Amino acid sequence: MIPTLLTAIVPHDRGDSLMQAAKKAGAGGGTVIMARGYSKYALLNALGLGDLRFEAVYIIVDETQRRAIKDALVAHTKDEQEDFGVLYEADVYKFIRNGKLDVSERDDTMAGKTPYEMLTVIVNKGYADDVMAAARKAGAGGGTIVYAHGTGKEEDAKFFGITIVPEKEMLMVLTPRDKAASVLDAIRGLRCLSEPGIGIAFTMDVNDFTVLGKHKGP
């Protein structure tokens with residue numbers, strides 16, 4: 001049975017409330033991470049109003065729990081403003097639980113057929129804004145930045161050919177599959193990312209995508 005990673009991006013100080021709703025629906029726990037996001041409206045970003053604080057909520061659930069927990073999160077936010085946040089899900093094929101490694105059998109017939117892709121870019125601090133600007137020009141609507149740090153010193157071994165440095169920014173960009181390749185190409189073409197050790201990027205299939213909050217009427 002393949003576990004599912006549910007990820008919700010919601011406004012600042014609302015992650016804990018969402019997490020409690022998930023627990024009431026059967027989730028065993030989760031993680032809430034501080035982040036900042038970009039409005040899909042370029043004008044707001046130009047005015048300095050689109051750079052907003054968010055929280056990313058990560059919950060791993062079993063297939064038997066997935067629908068109930070997802071429905072609980074949607075119901076919990078139904079009275080919020082329109083475009084309150086987003087919720088997406090992706091399969092988890094290797095998962096350590098109670099000290100044991102669970103490995104699920106992949107359904108390779110679905111590879112490359114899901115409607116969305118999550119593009120994740122990990123770069124040294126100060127580069128995420130440039131990456132997001134390039135992604136937006138290529139058709140991405142917005143993204144979320146999570147602040148992180150490396151795990152070693154500059155003289156330590158390299159990871160994927162990148163020297164580990166303390167300050168990192170992780171940019172997550174959810175895109176429709178038909179735009180994912182052009183967004184990735186735009187990021188790859190950035191001059192700053194041609195320098196060794198600046199960052200890496202990878203993609204993963206997203207099975208479903210839901211907008212949280214009130215839905216517009218007919």
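A few notes on this one:
- Matching residues in segment 132-145 - criterion: being buried (at least 19 other Cβ atoms within 10 Å of the Cβ) and either under 18 Å from Met204 (Cα atoms) or touching a Phe, Trp or Tyr at 6+ places or on another chain (Cβ under 7 Å) (or both): Met132, Ala135, Ala140, Gly142, Gly143, Thr144, Ile145
- Qualifying positions in segment 63-83 - touching a Ser or Thr at 6+ places or on another chain (Cβ under 8 Å) and at pLDDT below 85: Glu63
- Only one of the numbered conditions (1) modelled with pLDDT of 65 or more; (2) under 20 Å from Met170 (Cβ atoms); (3) of a type in the set (Gly, Ala, Ser) is violated by Gly50, and that is (1).
- Identification of strands (runs of 3 or more DSSP E) wholly contained in segment 132-218 with 1 or more residues that are at pLDDT below 85 and in contact with an Asp or Glu (Cβ under 9 Å, 6 or more places away or on another chain) yields 144-149, 199-206, 208-212.
The values are calculated or read from the model by the stated rules, or taken from the named source; none is laboratory data. This structure is a prediction, so every number in the text was calculated from the model and none was measured. Glycine gets a Cβ as well: all are built from the backbone with ideal geometry, and neighbour counts include every protein chain shown.
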